[in-house]
Amino acid sequence: MNPPAFSVRDLGVTFATRRGPVTALSGIDLDLHPGTVHVVIGESGSGKSVLAHALLDLLPRNVTLRGSRHLGAEDLAAADARRWREVRARHLAFIPQSPMSALNPVRRVGPLLVELARARGVARSAAWPAVAAALRSVDLDPERIRSSYPHHLSGGMAQRVVTSLALVGSPQVVIADEPTSGLDADLIDRTAGHLANLAERGAALLVITHDLTLAQRLGGTTSVLYASQLLERRHTGALFDSPAHPYVVALLDARPERGGRPIPGMPPELTALPGHCVFAARCTRVRAECRREVPALHPLDDGGVRCVLHAGVQQGVG
Amino acid sequence: MTTLAPAPPRFARLREVATRPTSVLIAGGVLAALVLAALGADLLRPADGIALDRVLAPPSLEHPFGTDETGRDVLALSLRAMRVSFAISLLAASVALLIGVTIGVLAGTLGGWVDGLLMRIVDFFGSQNHFLFAILLVVLFRPVLGAAAAVCLSVGLSHWLVLARIVRGELLSLRERPFVAAAVGGGASRARLVVRHFLPHLGPSVAVAMVLLLPHAIFHESALSFLGLGLPPHQASLGNLIAAGQRSMLAGAWWISVFPGLLILAACVAFGTLGEYWRDRHQPRWRGELEL
């Protein structure tokens, strides 16, 4: 496999708050390879969006960040604000959550997109053609979009506009934060298609979502986050067919088509994470050793799972 | 079945205007008349110079505002003075705008100790009597910059506080909007954020504040000129005329001071009425904040 375009090692994010430190992410490793899709799923508060923002260095000031981030071979620990701006502009494309509010309501969409293309290093004369091509590839009429204000757009159009941001100037890494929230089924399908196109064009795509259907459609690799930790990472198909971690099993069974059985209990408070498996309190297969320490990410043949049940096992269990 | 929306009736715009409150219509008419009269002063009422055979003539058909102690027509003087007053106050309000927006943007964008420091400065000046402050500034600037620039600067420097507060407040809320994170995620620098994303948002609030600032500036300029701290007599503003008229007041010639005073009153009330109406239409939530 190609060397990763972006990689993260042992990433940890802690927010200093009045009620004490809140652990939003801990011990995350992530490799984004060119031309592949990596989906991160998890429920609200599991740290998904923080992960996207941590990759882009868009976290607020009260955050302590541990671990390393590499763009290609470059260690971004050494990057100053100027370099980060350049990295965000040229190398990482960010598809923000809730597209309607991500577009400045008092600016016409055309000039806004042209500005972004310019920031990506597209020449002034080539900027609008590049933007127009990107808009066409998400089935929008460039001339109509050009002079529109965001409030002229429907939710689906706004979503496609921000998706097209990732197509301008072919950035190496595309990070999409909940690209389908608030869209209906038809639009989710189209967005999934547009995102899949991005990976086909050679971008390393990271999609953050709580939409399991979207994850399944996108394929690639899926990581499951729960209470700041990575619990399972597998090929997407294998994860959905034969989840290994009890949490993922329960999560998939909670889907309406699988009976809609809710997982009893609540996720742990991020201010007071247990010093052992974060899912132990809700797990039906809990053992004494689950409450001893945080389990390691045990390797499976197509990924890994953070569960003592799989210690030493090289095969996913159904 | 689809039906076309009916074509807008002719003169719809005019009818819409006519539904506004009578006070607003009157204010608009008065203001338009005053501005036109000020601009067209030379056509309407050519300056007729000194004429010692008709000194201190009371208002008559020939001289509706009477004449002054050198026989000059007070109407002709007043129209010219009004032009000066309008120009100076527009400049002064622009100075206030420039300073207020700059300070507000700095405080709102940089935040932290910069914000704290700038806002304490605003509080400090806000707690002083701003007219006394304006007088102090005029006295400081006059010898260096000349009278007109000194007046503009002093009125500007004593009136930017409200603008700075409004702009900072707007920015504090703008900063947290998702499109800012999106822009930064797209690689926007701080300067680009301010110019391309923040400033376009400030338009309406700043415009409303400006319109409300204008009558205030007219009033302040006149007050400074009345005290002899404003413009020199050969560039007389309305305030100068009122001050000059005082001397003749005891001789019974009330018209030299009263008519320019009425013009100031009319202009301020008209501007204020329109500005408040506009503010309430566009930004009803600022009713309380913008009492200048």
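Nothing in this text is a laboratory measurement; each read-out follows from the coordinates by a stated rule. Please read all numbers here as calculations on a predicted model, not as lab measurements. Here Cβ is always computed from backbone atoms with ideal geometry, including for glycine, and neighbour counts include all displayed protein chains.
Tabulated data
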| quantity | calculated |
| --- | --- |
| Hey, A:GLN172 more than 13 Å from every other protein chain (Cβ to nearest Cβ), touching a residue at least 60 places away in the same chain (Cβ under 8 Å) and in contact with a Pro (Cβ under 8 Å, 6 or more places away or on another chain) or not | yes |
| Yes/no for A:ASP10 being in contact with a Pro (Cβ under 7 Å, 6 or more places away or on another chain), acidic (Asp, Glu), farther than 16 Å from A:PRO268 by Cα and surrounded by fewer than 22 Cβ atoms within 10 Å (Cβ to Cβ) | no |
| Residue tally, condition within 22 Å of B:LEU90 (Cβ to Cβ) and not small (Gly, Ala, Ser), over segment B:123-164 | 19 |
| Test: residue in segment A:65-81 that is basic (Lys, Arg) and within 15 Å of A:LEU25 (Cα to Cα) | yes |
| Residue count, segment A:26-35 (criterion: within 13 Å of the chain's Cα centre (by Cα) and of a type outside the set (D, E, K, R)) | 3 |
| Within segment B:171-180, considering residues that are farther than 23 Å from A:VAL173 by Cβ and assigned to a helix (DSSP H, G or I), the one nearest to the other protein chains (Cβ to nearest Cβ) | B:LEU174 |
| Scope segment B:203-216; condition within 14 Å of another protein chain (Cβ to nearest Cβ) and closer than 15 Å to B:TRP160 by Cα; matching residues | B:SER205, B:VAL206, B:ALA207 |
| Residue among A:LEU113, A:LEU56 that alone is surrounded by 20 or more Cβ atoms within 10 Å (Cβ to Cβ), closer than 15 Å to A:PRO171 by Cα, more than 9 Å from chain B (Cβ to nearest Cβ) and not acidic (Asp, Glu) | A:LEU113 |
| Checklist (1) surrounded by 20 or more Cβ atoms within 10 Å (Cβ to Cβ); (2) over 16 Å from B:LEU262 (Cβ atoms); (3) among the polar types (S, T, N, Q) applied to B:SER23, failing item | (1) |
| Tally of residues being in a loop (DSSP other than H, G, I, E, B) and basic (Lys, Arg) across segment A:200-229 | 1 |
| Test: residue in segment B:229-237 that is under 29 Å from B:ALA107 (Cα atoms), surrounded by fewer than 18 Cβ atoms within 10 Å (Cβ to Cβ) and more than 16 Å from the chain's Cα centre (by Cα) | no |
| Residue ID - farthest from B:GLY40 (Cα to Cα), chosen from residues in segment B:65-102 that are charged (D, E, K, R) and buried (at least 22 other Cβ atoms within 10 Å of the Cβ) | B:ASP68 |
| Residue that is nearest to the other protein chains (Cβ to nearest Cβ) [pool: residues in segment A:73-95 that are more than 17 Å from the chain's Cα centre (by Cα), small (Gly, Ala, Ser) and surrounded by 13 or more Cβ atoms within 10 Å (Cβ to Cβ)] | A:ALA89 |
| A:ARG66 being among the charged types (D, E, K, R), facing chain B (nearest Cβ under 9 Å) and without any contact (Cβ under 8 Å) to a residue 60 or more places away in the chain | no |
| Of all residues in segment A:216-235 being in contact with a strand residue (DSSP E or B) (Cβ under 8 Å, 6 or more places away or on another chain) and of a type in the set (Ser, Thr, Tyr), the one that is farthest from A:VAL308 (Cα to Cα) | A:THR221 |
| Only listed residue being closer than 17 Å to B:ALA266 by Cβ and among the polar types (S, T, N, Q), chosen from B:SER60, B:SER78 | B:SER78 |
| Among the candidates A:GLU257, A:GLU269, A:GLU232, residue that is over 14 Å from the mean Cα position of the chain (by Cα) and assigned to a loop (DSSP other than H, G, I, E, B) | A:GLU269 |
| Tabulated pairs, segment A:224-241, first closer than 15 Å to A:ASP31 by Cα, second of a type in the set (D, E, K, R) and part of a strand (DSSP E or B), C-beta under 9 angstrom, 6+ apart or interchain | A:VAL224/A:GLU232; A:VAL224/A:ARG233; A:VAL224/A:ARG234; A:LEU230/A:ASP29; A:ARG233/A:ASP29 |
| Conditions (1) surrounded by fewer than 22 Cβ atoms within 10 Å (Cβ to Cβ); (2) free of Cβ contacts under 8 Å to residues at least 24 places away in the same chain; (3) under 17 Å from the mean Cα position of the chain (by Cα): number failed by B:VAL206 | (2) |
| Some residue of segment A:178-199 being closer than 21 Å to A:ASN104 by Cα and not in a loop (DSSP other than H, G, I, E, B) | no |
| Answer from B:PHE141, B:PHE219, B:PHE198 - the residue that is more than 14 Å from chain A (Cβ to nearest Cβ), in a helix (DSSP H, G or I) and farther than 30 Å from B:PRO58 by Cα | B:PHE141 |
| Among (1) without any contact (Cβ under 8 Å) to a residue 24 or more places away in the chain; (2) at the interface with another protein chain (Cβ under 9 Å from one of its Cβ atoms) - the single one A:ASN104 does not satisfy | (1) |
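Here is a yes/no grid of residues against (1) polar (S, T, N, Q); (2) surrounded by 18 or more Cβ atoms within 10 Å (Cβ to Cβ):
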{"site": "A:ALA126", "(1), (2)": "no, no"}
{"site": "A:SER147", "(1), (2)": "yes, no"}
{"site": "A:SER154", "(1), (2)": "yes, no"}
{"site": "A:LEU167", "(1), (2)": "no, yes"}
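Every residue, every condition in (1) within 14 Å of chain A (Cβ to nearest Cβ); (2) surrounded by fewer than 22 Cβ atoms within 10 Å (Cβ to Cβ); (3) closer than 19 Å to B:GLY111 by Cβ, yes or no:
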site	(1), (2), (3)
B:LEU163	no, no, yes
B:GLY169	no, yes, yes
B:ALA182	yes, no, no
B:GLY185	yes, no, no
